[in-house]
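Student: Here it is: the structure, laid out below.
Each value in this text was obtained by applying a stated rule to the coordinates, not by laboratory testing. As the structure is a computational prediction, the values presented were derived from the model and not from experiment. Neighbour counts run over all protein chains shown; Cβ positions are idealised from the backbone, glycine included.
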Amino acid sequence: MTEPVRDATPSADPERHLFRTYRRLPASFVAGRGCWLTETGGRRVLDFVGGIAVSSLGHGHPELVDALRDQVGRYLHVSNLYHVPEQAEAAALLAGASGLDRAFFCNSGAEAVEAGVKLARRWGGAKEPAAREIVVAEGSFHGRTLGALAATWPRRYREPFEPLPAGFRFVPFNDLEAAREAVGPGTCAVLVEPIQGEGGVVPAEPGYLEGLRRLATRHGALLILDEVQTGVGRTGEMFAFQGYGVRPDAVALAKGLGGGVPVGALVARDEVAGHLVPGDHASTFGGNPLASRAASTVLRTVADEALCRNARERGRQLRRGLRRLAAETGAVTEVRGQGLLVAADLERDAGEMTRRCLELGLLVNAVGPRTLRLTPPLVVSEDEVDRAVGLIERALEADRPCSGPGGVGASPPSGGA
Ligand SMILES: *Cc1c(COP(=O)(O)O)cnc(C)c1O
């Protein structure tokens, strides 16, 4: 007779029963407030990763906590067999903020991209003859599901899982001439990130997105922007495309949208969204009441607390600080980014820097062998940015043999803020 499982077997290895799909740093957390996380051992660390551009309101934001508490107490889920008022509200807020019209809700960035791919194929299929090809950019990252992976550039991510869905054509990013040669009557969509995030925080150059917009329009193809990382205030605009002055046909969102609750969305122009009809696409969890309350609360709070402006100002301060380190130490070779999506190229190993910063009490992450990415919560304060720059400076100094006293810019993080 088998007994029901009651207790997990304790193990010294926290990954004993997990797939080994992640290389994790030696840290875990029990709580968070604003830009600070409390480690299991009680130490407080300054969070400049923000769960990879997810924790847009920081940790424990009272508006989000209250909204979620309230929703948990009401009802969590009913499915899309019924109207979901919370979902309709989140969609209306997205439409208002984006200047687009309709939202399809899902649960992740990859799924938002997948919805965009299916929308593009429906759109292209309505043309005579049918247009099937999606033009995508070298250096891109769109997610790990097979469809999103087919649009993702690094070969090492794709090759082990072939065959992948066909019909994706890569062109060099920021090369309008190459796009002109690739986009034609057989193109159903152009899909790019306005700022390539995982690719190392590489912004579209002025004129590039406008050029893609004109190309797509000329050939009756959709311009779909992947703003999974750049959306919802991250770049100092609600959506990065607003800073570039282009209007996409559809935009994929996820990371920052739920402030930590998994929620993704594809938002599109009315006429375009109409190409997906009942039966074409669905998600059981998509836009469920909890996720929708999270999205609505984040969108409202970003507006109410002027977090786009804070992202612009704190981002400028952060880049200024990093450029000072570049000038003074030479250990930083380039600083890029917009708003609070910031990268610093180092003349040393970025993985080693993330470990050193963690030791000093600062979370940062690497998006390349020598590229550090900083994506703190949009609520980050002037003092916290100064502290982060000071800790990065100390981390850079740590392995310089002759660094004398007096060069340290920040007090230890244990005092908190
Ligand atoms: C993170 C990311 C994705 C994938 O999002 P998941 O939620 O991990 O599926 C897609 N596109 C961009 C631009 C991203 O940064």
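Listed here are the residues, each with its yes/no results for (1) assigned to a strand (DSSP E or B); (2) surrounded by 24 or more Cβ atoms within 10 Å (Cβ to Cβ); (3) within 9 Å of the ligand (Cβ to nearest atom); (4) without any contact (Cβ under 8 Å) to a residue 24 or more places away in the chain.
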position: Phe105; (1), (2), (3), (4): yes, yes, no, no
position: Val113; (1), (2), (3), (4): no, yes, yes, no
position: Gly116; (1), (2), (3), (4): no, yes, no, no
position: Leu119; (1), (2), (3), (4): no, yes, no, no
position: Trp123; (1), (2), (3), (4): no, yes, no, no
position: Glu128; (1), (2), (3), (4): no, no, no, yes
position: Ile134; (1), (2), (3), (4): yes, yes, no, no
position: Arg144; (1), (2), (3), (4): no, no, yes, no
position: Gly147; (1), (2), (3), (4): no, no, no, no
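Per-residue answers, yes or no, for (1) aliphatic (A, V, I, L, M); (2) farther than 18 Å from Gln196 by Cα:
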| site | (1), (2) |
| --- | --- |
| Ala95 | yes, yes |
| Asp101 | no, yes |
| Lys118 | no, yes |
| Lys127 | no, yes |
| Val136 | yes, no |
| Arg156 | no, no |
| Glu159 | no, yes |
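Student: Would you please name the residue that is surrounded by the most Cβ atoms within 10 Å (Cβ to Cβ), looking only at residues in the range 366-390 that are within 16 Å of the chain's Cα centre (by Cα), within 15 Å of Leu322 (Cα to Cα) and of a type outside the set (A, V, I, L, M, F, W, C)?
Tutor: Thr375
Student: Still on this model: If Pro26 satisfies all but one of (1) loosely packed, with under 11 Cβ neighbours inside 10 Å; (2) of a type outside the set (A, V, I, L, M); (3) in contact with a Phe, Trp or Tyr (Cβ under 9 Å, 6 or more places away or on another chain), what's the number of the condition it fails?
Tutor: So Pro26 meets the others, but not (3).
Student: Condition test on Val246, is it in contact (Cβ under 8 Å) with a residue 60 or more places away in the chain and either more than 10 Å from the ligand (Cβ to nearest atom) or within 15 Å of Ala95 (Cα to Cα) (or both)? Quick ask: steps written out before the conclusion?
Tutor: Working: in contact (Cβ under 8 Å) with a residue 60 or more places away in the chain: no; either more than 10 Å from the ligand (Cβ to nearest atom) or within 15 Å of Ala95 (Cα to Cα) (or both): yes.
Spelling it out, it is not the case that Val246 is in contact (Cβ under 8 Å) with a residue 60 or more places away in the chain and either more than 10 Å from the ligand (Cβ to nearest atom) or within 15 Å of Ala95 (Cα to Cα) (or both).
Student: Filter the range 149-164 for residues that are in a loop (DSSP other than H, G, I, E, B) and free of Cβ contacts under 8 Å to residues at least 24 places away in the same chain and give the result.
Tutor: Keep residues of the range 149-164 that are in a loop (DSSP other than H, G, I, E, B), which gives 151-154, 162-164.
Across the range 149-164, the qualifying residues are Thr152, Pro154, Glu162, Pro163, Leu164.
Student: Could you please let me know if Thr235 is in contact (Cβ under 8 Å) with a residue 24 or more places away in the chain and away from the ligand (no atom under 16 Å from the Cβ)?
Tutor: Judged against the criteria, Thr235 is not a match.
Student: If you don't mind, there's one more thing I want to ask. Looking at Ala178 and the list (1) crowded, with 16+ Cβ neighbours inside 10 Å; (2) over 24 Å from Leu276 (Cβ atoms); (3) within 13 Å of the ligand (Cβ to nearest atom); (4) without any contact (Cβ under 8 Å) to a residue 24 or more places away in the chain, which single condition is not satisfied?
Tutor: Of the numbered conditions (1) crowded, with 16+ Cβ neighbours inside 10 Å; (2) over 24 Å from Leu276 (Cβ atoms); (3) within 13 Å of the ligand (Cβ to nearest atom); (4) without any contact (Cβ under 8 Å) to a residue 24 or more places away in the chain, the odd one out for Ala178 is (3).
Listed here are the residues, each with its yes/no results for (1) touching a helix residue (DSSP H, G or I) at 6+ places or on another chain (Cβ under 7 Å); (2) within 22 Å of Ala221 (Cα to Cα).
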{"position": "Ala92", "(1), (2)": "no, no"}
{"position": "Gly96", "(1), (2)": "no, no"}
{"position": "Asp101", "(1), (2)": "yes, yes"}
{"position": "Ala115", "(1), (2)": "no, yes"}
{"position": "Val135", "(1), (2)": "yes, yes"}
{"position": "Gly139", "(1), (2)": "no, yes"}
{"position": "His142", "(1), (2)": "yes, yes"}
{"position": "Arg155", "(1), (2)": "no, no"}
{"position": "Phe161", "(1), (2)": "yes, no"}
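Student: Name the residue that is farthest from the ligand (Cβ to nearest atom), counting only residues in the range 181-230 that are touching a residue at least 12 places away in the same chain (Cβ under 8 Å) and of a type in the set (Ser, Thr, Tyr).
Tutor: Ranking the candidates gives Thr187 first.
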